[in-house]
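Peer 1: Below: one structure in structure tokens.
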Amino acid sequence: MEIVRTVEALRGWSRAIRMQDETVGLVPTMGALHAGHASLMRAAAEQCGHVAVTIFVNPTQFGPQEDFDRYPRTFEADCMLAEREGARVVFAPPVEEMYPAGAATFVDVEGLSGRLDGASRPGHFRGVATVVAKLLIAAEADRAYFGQKDAAQVAVLRRMVRDLRIGTELVVCPIVREADGLALSSRNVYLSTDERRQALALSRAVKRVEAMAAGGERRAALLTEAARQTLASEPAVRVDYAELVEWATLEPVEIATAGTLFAVAAWVGATRLIDNAVMG
Ligand code: PAF
């Protein structure tokens with residue numbers, strides 16, 4: 001497996017593959033890779049001839065008080081995992097490669113970028129959309145793989161790809177959970193043992209909403225109230241949002257129908273976690 005640091009090298013690798021009529025799958029990540037990322041790489045390896053994984057902790061998607069500096073960086077272990085899962089290339093650029101001095105161009109998906117995580121993390125989705133646009137333009141991949149755990153991010157990126165007519169297909173893979181239900185996240189390492197236990201309130205809230213909806217309760221107000229009650233049962237958990245929204249627009253709905261997204265974000269101590277489910 002090769003490690004490349006420049007856009008030119010990544011694009012050259014991808015073009016050489018596509019010239020031979022073979023396909024390229026891209027898995028964008030910020031590193032600190034876990035089984036959730038591995039599932040994206042496996043999907044990419046199954047569906048594409050060649051897989052590139054990007055590892056770049058993107059400064060523009062972190063707010064000034066957020067965890068950019070202490071975000072876990074585990075490059076060696078990440079490369080081993082990527083290689084094991086069939087990646088041919090890891091693209092790990094320095095910040096100046098993605099943001100050359102004086103870079104003044106950003107991608108803002110208006111409206112969507114201010115909803116859910118975008119409401120409590122101003123500028124976050126502008127940073128995500130900008131870096132993913134740069135990665136997709138650099139890699140010229142056939143498909144790019146993202147996890148459903150970041151469901152609001154998926155909505156923003158789907159709209160961006162549609163609006164900018166980017167020729168990469170976005171593939172969304174299911175949430176990967178620990179045996180007890182906790183959704184995998186690179187930020188889970190911040191949790192103390194007790195916070196780790198209390199964090200299960202998020203997946204319990206998601207399950208409760210799914211079960212109520214499956215049982216016929218479709219009123220968003222009642223479903224979100226039940227989720228909030230579950231979250232309130234743990235003292236270290238502080239809700240950011242618990243909402244039923246149309247996935248494509250992230251607009252709240254009053255009645256949940258098939259395809260409606262239930263999404264939750266909460267701080268567990270100082271760590272902000274997210275989880276969600278798509279209603280059947
Ligand atoms: O989901 C992530 O890890 C990041 O937001 C992404 C898509 C790699 C952009 O930095």
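Peer 1: Among the residues of segment 145-160, which ones are buried (at least 19 other Cβ atoms within 10 Å of the Cβ) and more than 9 Å from the ligand (Cβ to nearest atom)?
Peer 2: Once the filter is applied, which keeps residues that are buried (at least 19 other Cβ atoms within 10 Å of the Cβ) and more than 9 Å from the ligand (Cβ to nearest atom), segment 145-160 yields TYR145, GLN148, ALA151, ALA152, VAL154, ALA155, VAL156, ARG159, MET160.
Peer 1: Here is a follow-up. Go through segment 31-65 residue by residue and tally those that are of a type in the set (D, E, K, R) and under 15 Å from ASN188 (Cα atoms).
Peer 2: 0
Peer 1: Continuing with the same structure: Restricting the search to segment 47-68, which residues are within 16 Å of the ligand (Cβ to nearest atom) and free of Cβ contacts under 8 Å to residues at least 40 places away in the same chain?
Peer 2: If the condition is that a residue be within 16 Å of the ligand (Cβ to nearest atom) and free of Cβ contacts under 8 Å to residues at least 40 places away in the same chain, then VAL51, VAL53, ILE55, VAL57, PHE68 are the ones that fit.
Peer 1: Let me spell it out: the conditions are (1) over 20 Å from ALA155 (Cα atoms); (2) open to solvent by 40 Å² or more (accessible area, probe 1.4 Å), and THR257 meets all of them except one. Which number is the exception?
Peer 2: Unmet condition: (1).
Peer 1: Take ARG18 and tell me if it is in contact with a helix residue (DSSP H, G or I) (Cβ under 7 Å, 6 or more places away or on another chain), in a helix (DSSP H, G or I) and surrounded by fewer than 19 Cβ atoms within 10 Å (Cβ to Cβ).
Peer 2: no
Peer 1: Considering only residues of segment 169-199 that are surrounded by fewer than 17 Cβ atoms within 10 Å (Cβ to Cβ) and closer than 10 Å to ASP275 by Cβ, which is farthest from the ligand (Cβ to nearest atom)?
Peer 2: Restricting to residues being surrounded by fewer than 17 Cβ atoms within 10 Å (Cβ to Cβ) and closer than 10 Å to ASP275 by Cβ, the top hit is GLY181.
Peer 1: Moving on. Would you be able to say whether some residue in segment 87-101 is under 17 Å from the mean Cα position of the chain (by Cα), within 12 Å of the ligand (Cβ to nearest atom) and surrounded by fewer than 21 Cβ atoms within 10 Å (Cβ to Cβ)?
Peer 2: no
Peer 1: For segment 40-67, name all the residues that are farther than 23 Å from GLY123 by Cα, touching a His at 6+ places or on another chain (Cβ under 9 Å) and open to solvent by 20 Å² or more (accessible area, probe 1.4 Å).
Peer 2: Scanning segment 40-67 gives no hits.
Peer 1: From ARG18, ARG88, ARG84, ARG73, grab the single residue that is in contact with a Gly (Cβ under 7 Å, 6 or more places away or on another chain) and farther than 13 Å from TYR145 by Cα.
Peer 2: So the residue among ARG18, ARG88, ARG84, ARG73 that is in contact with a Gly (Cβ under 7 Å, 6 or more places away or on another chain) and farther than 13 Å from TYR145 by Cα is ARG73.
Peer 1: From the set of residues in segment 24-39 that are more than 14 Å from the ligand (Cβ to nearest atom) and crowded, with 18+ Cβ neighbours inside 10 Å, which is nearest to the chain's Cα centre (by Cα)?
Peer 2: Filtering segment 24-39 for residues that are more than 14 Å from the ligand (Cβ to nearest atom) and crowded, with 18+ Cβ neighbours inside 10 Å, the one nearest to the chain's Cα centre (by Cα) comes out as GLY25.
Peer 1: To continue, here is another question. It is to be established whether one or more residues within segment 8-15 are at pLDDT 95 or above and either within 22 Å of the chain's Cα centre (by Cα) or within 16 Å of the ligand (Cβ to nearest atom) (or both).
Peer 2: yes
Peer 1: Does GLU83 meet the test of being under 30 Å from GLY269 (Cβ atoms), part of a helix (DSSP H, G or I), over 18 Å from the mean Cα position of the chain (by Cα) and away from the ligand (no atom under 14 Å from the Cβ)?
Peer 2: no
Peer 1: Next question, about the same structure. May I ask you to verify whether ARG73 is of a type outside the set (Val, Ile, Thr), more than 10 Å from the ligand (Cβ to nearest atom), part of a loop (DSSP other than H, G, I, E, B) and open to solvent by 10 Å² or more (accessible area, probe 1.4 Å)?
Peer 2: Yes, satisfied.
The values are calculated or read from the model by the stated rules, or taken from the named source; none is laboratory data. Predicted model only: the values in this text are computed from it and were never measured. Note: ideal-geometry Cβ built from the backbone for every residue, glycine included; neighbour counts use all protein chains shown. Surface accessibility is based on the protein's heavy atoms, side chains included, excluding ligands, DNA and RNA. Shrake-Rupley method; radii C 1.70, N 1.55, O 1.52, S 1.80 Å.
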